[in-house]
Amino acid sequence: MEDHFGHRISYLRVSVTDRCNERCAYCMPQELQEWLPRPEILSYEETLRLIRIAADLGVTKIRITGGEPLTRRDIVDFIRQVPRIPGIRDVGVSTNGTLLAREIAPNLTTAGAVRAVGVRSLNISLDTLDRNVYAQITGRDFLPAVFQGIEASVAAGFEQIKLNTVLMRGRNEDQIIPLLEFAASQNLILRFIEMMPVSTTAVLSEQNFLPVAEAKHAIEARYGNLIPEPTFHTNGPATYYQIPGREQRIGFIGAMTNLHFCDSCNKLRLTCDGKLRPCLGSYLEFDIIKPMRDGATDDELRQFFLDVVDRKPQQHDFRENYQPNRKMIAIGG
């Protein structure tokens, strides 16, 4: 699959649930959330069918997201099927980390089980090392569980673990250096992400926006000029650097300030309620669950994918007074 701008689509982010055990301000800013009814959610069998069709069209990378994907029942059994699909070479999971250390069998954590069924990489959200600030951001006092989850993930032997930090002025700008040192102590990649207006317009304001350039400046003031690594990529839009004098890699995801942010986009999103979205920062989404449940053939669904790719915009709309029509938790992280 290739869009009109030369983007070759090889990456599908698959949300398996809109449910989450946290209430992060930038993802689901209201405590009361009307969860989608179960009949409106793609079954595992339906999701696997769509992944197979995507793989036939050239998708090689799948990332399982939510909500919090590890809250869905039998998620490990579902994930086990994904790397068995011909053409799928890389499977990752994005998680808040709170459930990774949960023991699901004697001497087997969720992290260990997920690794054992073929997941190569984890993205774990971690916006602060301060327990009180963590509780304020997420609405839950789960930071100790996240630390345990990171420990369990390191022990499970994933090929790559990335920590994702959403930058928030007034909340975690004092955590940039502590987070960097924590990532170094665990030998993990750390990525700083600009906040995006994906849930409500109130999520992002001039008062709480912290650009990645400011985070980079703070790091260089402490460690010296960062060393660019233009050839290092992780199937996403991050720009990576190495800390001088260390074998430590950090990344910056600047959707709001990087005017070339979309130049290398290679992804589609499948929401848990069966919508294909060609771009996170666009209203465009296309209902594939209805034709599938109405009896569409694989060839017809394959054409549906191609038609969605044809509608993929050249750039996101975040800088153009974007008005969200869904909360981030309903789109997929």
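The values are calculated or read from the model by the stated rules, or taken from the named source; none is laboratory data. Keep in mind that this is a model prediction, so the values were computed, not measured. No Cβ is skipped: glycine too gets one built from the backbone with ideal geometry, and neighbour counts run over all protein chains shown.
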Task: Condition broken by A101, with the remaining ones in (1) within 30 Å of R169 (Cα to Cα); (2) small (G, A, S); (3) modelled with pLDDT of 95 or more satisfied - done: (1)
- [ ] Determine whether L50 is at pLDDT 95 or above and buried (at least 21 other Cβ atoms within 10 Å of the Cβ).
- [x] yes
Open item on the list: If I filter the stretch 76-84 for residues that are buried (at least 18 other Cβ atoms within 10 Å of the Cβ) and either free of Cβ contacts under 8 Å to residues at least 24 places away in the same chain or not in a helix (DSSP H, G or I) (or both), do I get at least one hit?
Closed with: no
Task: In the stretch 284-315, the residues that are modelled with pLDDT of 95 or more and either small (G, A, S) or assigned to a loop (DSSP other than H, G, I, E, B) (or both) - done: I288, D294, G295, A296, T297
- [ ] From the list V91, V117, V154, pick out the single residue that is within 25 Å of Q248 (Cβ to Cβ) and modelled with pLDDT of 95 or more.
- [x] V154
Open item on the list: Quick check on this structure: which one of I161, I177, I137 is under 20 Å from the mean Cα position of the chain (by Cα) and under 26 Å from H233 (Cα atoms)?
Closed with: I161
Open item on the list: If I filter the stretch 122-157 down to residues being of a type in the set (S, T, Y) and free of Cβ contacts under 8 Å to residues at least 60 places away in the same chain, which single residue comes out as nearest to C24 (Cα to Cα)?
Closed with: Y134
TODO: Report, by residue number, each residue of the stretch 186-231 that is in a strand (DSSP E or B) and modelled with pLDDT of 95 or more.
DONE: I189, L190, R191, F192, I227, P228
Task: Test result for G92, crowded, with 22+ Cβ neighbours inside 10 Å, within 16 Å of the chain's Cα centre (by Cα) and not hydrophobic (A, V, I, L, M, F, W, C) - done: yes
- [ ] Could you tell me which numbered condition I53 fails, if it satisfies all but one of (1) in contact with a strand residue (DSSP E or B) (Cβ under 8 Å, 6 or more places away or on another chain); (2) under 26 Å from D294 (Cα atoms)?
- [x] (1)
Task: Selection status of T138, at negative phi and modelled with pLDDT under 95 - done: yes
Task: Filtered residue count, the stretch 135-177, keeping only those that are in contact with a strand residue (DSSP E or B) (Cβ under 8 Å, 6 or more places away or on another chain) and of a type in the set (D, E, K, R) - done: 3
Task: Subset of the stretch 163-173 (residues that are touching a helix residue (DSSP H, G or I) at 6+ places or on another chain (Cβ under 9 Å) and either free of Cβ contacts under 8 Å to residues at least 12 places away in the same chain or not in a helix (DSSP H, G or I) (or both)) - done: L163, T165, V166, L167, M168, R169, R171, N172
- [ ] Kindly indicate whether A101 is among the small types (G, A, S), in a loop (DSSP other than H, G, I, E, B), more than 20 Å from R269 (Cα to Cα) and touching a strand residue (DSSP E or B) at 6+ places or on another chain (Cβ under 8 Å).
- [x] yes
Task: Members of the stretch 180-191 found to be buried (at least 20 other Cβ atoms within 10 Å of the Cβ) and either under 17 Å from T138 (Cα atoms) or free of Cβ contacts under 8 Å to residues at least 40 places away in the same chain (or both), listed by number - done: L188
TODO: Only one of these is surrounded by 18 or more Cβ atoms within 10 Å (Cβ to Cβ), closer than 20 Å to I79 by Cα and polar (S, T, N, Q): T110, T138. Name it.
DONE: T110
